[in-house]
Amino acid sequence: MTDFIQLIISGMATGAIYALAALGFTLLWQASGTINFATGEFVMLPAFSMLAFQSLGLPLLVSFLLTLVVATAVLGFGFKRAIVDPMRKFGVMPLVVATIGLALIMRSGVQIAFGAQALPFKNVFGYEVFRFAGVSVSAGDLGTLAVTLVVVLGLQAFLQRTVTGRAMQAVAQNTESAEVLGIKVNRMIFYTFAINAMLASLAALLVTPLYLAKFDMGITLGLKAFLAAIIGGFNNSRGALLGGIIIGVSENLLGAYVSSAYKDGAALALFMLVILFKPNGLLGAPAERKV
């Protein structure tokens, strides 16, 4: 029983990281109709940015704060202006192809700059292990769960209870009506891209100690985040959290009680089941939208 509980907790921690990346999918889709298949690379790049800052002798937390600034500029503003704004007028599919191309470029660039070898990454929460009633829980798992919960609830409160958050939702629901009401549409969309970049940086801080910093670390992470967003509901930010945790827990249980060879197939199997029986996701709902 203690092993089962440990698998649940560690699976929830891993799933929480998937959820942070999945939130990027849901936010960008709701705000601008963008499906970013470079999401995994948006997590990978901040990981190497933090390593670069640490190589200069800076502490991890300082490196993370500097990375937030860089990510907001490059993965937020730069991505919106250079990729999304020119491509949006051509529809969703060309934009999807553009983000796939961007992912390939980012992976190749990081491989050239840092090499193909996996690099170790410090865990911001340390490596202490706590024991409760025979169950061992690492500080990393507890910290990851706590941070993710605070971020998701905080983001939900921001979107629902602040003027800026409500304006962002208005833009997501109907761009033209929001503009008529005097809402600065481009600014609201940029805020969404900036939040997405910061979420990716936070996911990098939490996931890289597990995945190690490697140029292709974003491939698997991006796929699982995308599936988590669909499973939870692509138009629901809380669904991203639910989808991520379900995938993380399922992977752990499948790997422990069936075979580790099937572990990575858990997300795809769950995706197929949800698509068959609840196409809008577990917390998603059909919605008319115009962007």
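Of everything in region 1-59 that's assigned to a loop (DSSP other than H, G, I, E, B) and touching a residue at least 24 places away in the same chain (Cβ under 8 Å), which residue is farthest from residue 206 (Cα to Cα)?
33
Does region 245-256 hold any residues that are farther than 30 Å from residue 115 by Cβ, among the small types (Gly, Ala, Ser) and either modelled with pLDDT under 90 or under 13 Å from the mean Cα position of the chain (by Cα) (or both), and which are they?
Once the filter is applied, which keeps residues that are farther than 30 Å from residue 115 by Cβ, among the small types (Gly, Ala, Ser) and either modelled with pLDDT under 90 or under 13 Å from the mean Cα position of the chain (by Cα) (or both), region 245-256 yields only 256.
Hydrophobic (A, V, I, L, M, F, W, C), crowded, with 24+ Cβ neighbours inside 10 Å and at pLDDT below 90, is that true of residue 229?
no
Could you check region 80-103 and list, in sequence order, the residues that are under 18 Å from the mean Cα position of the chain (by Cα) and more than 14 Å from residue 33 (Cα to Cα)?
Of everything in region 80-103, those that are under 18 Å from the mean Cα position of the chain (by Cα) and more than 14 Å from residue 33 (Cα to Cα) turn out to be 100, 102, 103.
Hey, among 197, 116, 139, 133, which residue is of a type in the set (Gly, Ala, Ser), surrounded by 13 or more Cβ atoms within 10 Å (Cβ to Cβ) and over 17 Å from residue 13 (Cβ atoms)?
Of 197, 116, 139, 133, the one residue that is of a type in the set (Gly, Ala, Ser), surrounded by 13 or more Cβ atoms within 10 Å (Cβ to Cβ) and over 17 Å from residue 13 (Cβ atoms) is 197.
Here is a list of conditions, (1) out of contact with any Lys or Arg (no Cβ under 6 Å at 6 or more places or on another chain); (2) crowded, with 24+ Cβ neighbours inside 10 Å, and residue 210 meets all of them except one; can you say which number that is?
Single failed check for residue 210: (2).
How many of the residues in region 185-219 are in contact (Cβ under 8 Å) with a residue 12 or more places away in the chain and more than 12 Å from the chain's Cα centre (by Cα)?
Keep residues of region 185-219 that are in contact (Cβ under 8 Å) with a residue 12 or more places away in the chain, which gives 185, 188-210, 212-219.
Cutting the leftovers down to more than 12 Å from the chain's Cα centre (by Cα) gives us 185, 188-194, 208-210, 212-217, 219.
Number satisfying all stated conditions: 18.
Answer with yes or no whether residue 177 is of a type in the set (Gly, Ala, Ser) and at pLDDT 90 or above.
no
Filter region 33-45 down to the residues that are of a type in the set (Gly, Ala, Ser) and buried (at least 24 other Cβ atoms within 10 Å of the Cβ), then identify the one that is farthest from residue 225 (Cα to Cα).
38
The values are calculated or read from the model by the stated rules, or taken from the named source; none is laboratory data. In this text, all values refer to a predicted model and were calculated from it rather than measured experimentally. Glycine also receives a Cβ, built like all others from the backbone with ideal geometry; neighbour counts cover every protein chain displayed.
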